[in-house]
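Structure record follows, encoded as structure tokens.
Laboratory data are not the source of any read-out in this text; all were calculated from the coordinates shown. This is a predicted model, so every value here is computed, not measured. Glycine gets a Cβ as well: all are built from the backbone with ideal geometry, and neighbour counts include every protein chain shown.
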Amino acid sequence: MIWYLLTVLLIIPLYLLSLFCLSPKDKKDLLEEIKWELKYLWLGFQAVIDDLFKIWKNKTDLPRRKGDVVVMTGGLRGIGLEVIRMLLECDMIVVVGCRDIEKGEHFANKMRMEGTTLGKLDFKTLDVSSMESVRNFAAAVKKDYPKIHVLINNAAVMYVPYAITSEGYETQFATNYLGHFLLTHLLLKQLDATGTEDAPARVVHISSVAHELGGINFDDINFEKEYYIAYKAYSQSKLAQLLFGLYLNEILKERKSNVRSYVVHPGIVNTELFNNTIVKKTSPFILGLWFKPPDKGAVPIVFCAISPQAKHLDGCYVSNCLKKETPVTKNSKDLQQKLFNFSTDLLKIEEFGKS
Ligand SMILES: NC(=O)c1ccc[n+]([C@@H]2O[C@H](COP(=O)([O-])OP(=O)(O)OC[C@H]3O[C@@H](n4cnc5c(N)ncnc54)[C@H](OP(=O)(O)O)[C@@H]3O)[C@@H](O)[C@H]2O)c1
């Protein structure tokens, strides 16, 4: 913890020093970045403490679900890899959407050699930042799996340099939110046909505590006019996932659908997601010491995906397997609807879930 504080104290003078060499506009932008850096460090610190206190609640059962199908985005490293391992232990068929199928096959062999013998793994190509790739992936999944019991929207990038995808979206918005919004729309019919009143199919959105710092920049969603701060764009994308996850559950209940929606913060977890952060660059050992290991980060995701004990947590924001309230979960109905309509307009979706 002392090292964490020392890192923060080291960063501030470094930033202040660089201020002397900049133009007024650059100074303003840099100060804004420092503000975000500090906000993230403080939020991260609080979230690490929260994980430490609640870790004893972070548990899941692993019910046998032989032959049931889970579709997940990302998963060849980090938390997703551990989610796959647990779902295979439940004897499920795990369909992984990933950018590198060969790497997937390599991991599948490794997992088998390490003793995971149950379940089935199927890798299909997906770049979730590309709406075209999402459409192709959904079509391939639907062709092979008429029944889908769970969809886990896991893949993400964090604090990446500014880039616009070939379809015109800022990378973090496209990868973390919009691609998953489209995928959910495209697979909802299958999920609905698979779920039952007693055992609804589930959609699990992996959001983050970072949503607490975000806002939705409707007038400039891709940061084309405003100075791009990677932290701000990540928060926006994670807030968007949360708002969508909450709103989706309301729509599903209204439609009397046999699908329910869950939103999870996995904890502050030691993965490559932090590769672009100052903490990891300056003091990587902090992550190993204080952050959750990936298998513990996988627990609340698996809990929401398959545990009967999580049934009542649909439409909630879940952290350490407990319902967690934040200002957004308490009061965001209008924002949820605004974002939903904004997203269907962007993607030209006429009726959500009817594809
Ligand atoms: N780690 C944390 O402390 C933390 C905290 C809160 C929330 N989360 C959330 O938890 C989820 C998992 O994060 P993690 O920590 O496991 O991150 P990670 O180790 O960096 O893994 C990210 C995964 O997403 C995949 N991915 C990234 N861009 C993709 C794309 N365009 N198309 C397809 N797959 C893509 C990566 O695949 P490649 O191997 O192809 O890059 C990788 O499998 C994310 O949604 C993250 O926001 C994490």
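Panel order for T194, T125, by other beta carbons found within 10 Å of each beta carbon, from fewest to most: T125, T194. Of the cross-linked pairs K35/K225; K25/K333; K103/K324; K238/K296; K39/K281; K103/K142, those separated by over 27 Å at the C-alpha level are K25/K333; K103/K324.
Working from label points 7 Å from Cα in the Cα-to-Cβ sense, the E226 to A140 distance is 3.6 nm. Of all stretches in the chain that contain no trypsin sites (Lys or Arg not before Pro) in a DSSP loop with at most 14 other Cβ atoms within 10 Å, the longest one is 257-347. Each residue of segment 158-174 is assigned a 3J(HN,Hα), and the resulting list reads 9, 6, 7, x, 4, 7, 10, 5, 4, 8, x, 10, 4, 4, 5, 5, 5 Hz, derived from the Karplus form 6.51 cos²θ - 1.76 cosθ + 1.60 (θ = phi - 60°), x at Gly and Pro.
The amide H of V203, built 1.01 Å from its N in the peptide plane, has L151, R260, S261, Y262 as neighbours under 5 Å, considering only residues 5 or more places off or on other chains.
Going from the fewest other Cβ atoms within 10 Å to the most, the residues C316, C98 appear in the order C316, C98. The long axis of helix 24-54 is offset from the longest Cα principal axis of the chain by roughly 50 degrees.
Distances between placed amide hydrogens fall under 5 Å for T165 paired with E170, T171, all partners being 5 or more residues away or on another chain. Rounded to the nearest 10 degrees, the angle from helix 101-113 to the longest Cα principal axis of the chain is 70 degrees. In segment 161-285, with Lys and Arg counted as +1 and Asp and Glu as -1 at Cβ, which of these residues, F285, Y177, L191, has the Cα nearest the positive end of the dipole, that is, farthest along it? Sorting the options by dipole projection puts first F285. In this structure, the amide hydrogen of K292, modeled 1.01 Å from its nitrogen in the peptide plane, lies closer than 5 angstrom to those of I268, V269, N270, counting only residues at least 5 positions away or on a different chain. When the chain is treated as a GNM with alpha-carbon contacts under 10 Å, the residue of D198, D295, D334 showing the greatest mean-square fluctuation is D198. Contact order for the chain, expressed relative to its length and based on alpha carbon pairs under 8 Å spaced 6+ residues apart, stands at 20 percent.
Considering only G104, G119, G288, the Gaussian network model of the chain with Cα springs below 10 Å gives its largest mean-square fluctuation to G288. Here is the list for segment 222-273: GluC sites (Glu not before Pro) lying in DSSP coil, each with at most 14 other C-beta atoms within 10 angstrom of its C-beta, are E224, E226. Near D100, once Lys and Arg are set to +1 and Asp and Glu to -1 for all other residues with Cβ below 11 Å from its Cβ, the sum equals 0.
Relative to the current alpha-carbon distance between R99 and K330, full extension at 0.36 nm per residue lengthens the span by 79.5 nm. Shown is the FRET efficiency for A163 and I49, computed with R0 = 22 Å from the Cβ-Cβ distance and rounded to the nearest 0.05: 0.05.
Among L22, L191, L52, the largest mean-square fluctuation in a Gaussian network model of the chain, built with springs joining Cα atoms closer than 10 Å, belongs to L22. Once the Cα atoms are used to define both axes, helix 230-254 deviates from the longest principal axis of the chain by about 30 degrees. Does segment 212-252 come out rounded, prolate or oblate, given a ≥ b ≥ c as the square roots of the eigenvalues of its C-alpha gyration tensor, rounded meaning a/c under 1.5 and, failing that, prolate meaning a/b above b/c? Judged from the Cα gyration tensor, segment 212-252 comes out prolate (a/c at least 1.5, a/b above b/c). Taking other residues whose beta carbon is less than 13 angstrom from the beta carbon of S130, and scoring Lys, Arg as +1 and Asp, Glu as -1, yields -1. This model, with +1 at the C-beta of Lys and Arg and -1 at the C-beta of Asp and Glu, gives the chain a dipole about its Cα centre of some 740 debye. Classified by the C-alpha gyration tensor, segment 2-346 has a prolate form. Its axis ratio a/c, with a ≥ b ≥ c, is 1.5 or above, and a/b is larger than b/c. When the chymotrypsin sites (Phe, Trp or Tyr not before Pro) in segment 18-105 are filtered for DSSP coil states and for at most 13 other beta-carbon atoms within 10 Å of their beta-carbon, the remaining sites are F20. Please label the shape of segment 256-355 as rounded, prolate or oblate, based on the square roots a ≥ b ≥ c of the eigenvalues of the alpha-carbon gyration tensor (a/c under 1.5 means rounded; beyond that, a/b larger than b/c means prolate, else oblate). It is prolate, given that a/c is not under 1.5 and a/b is the larger ratio.
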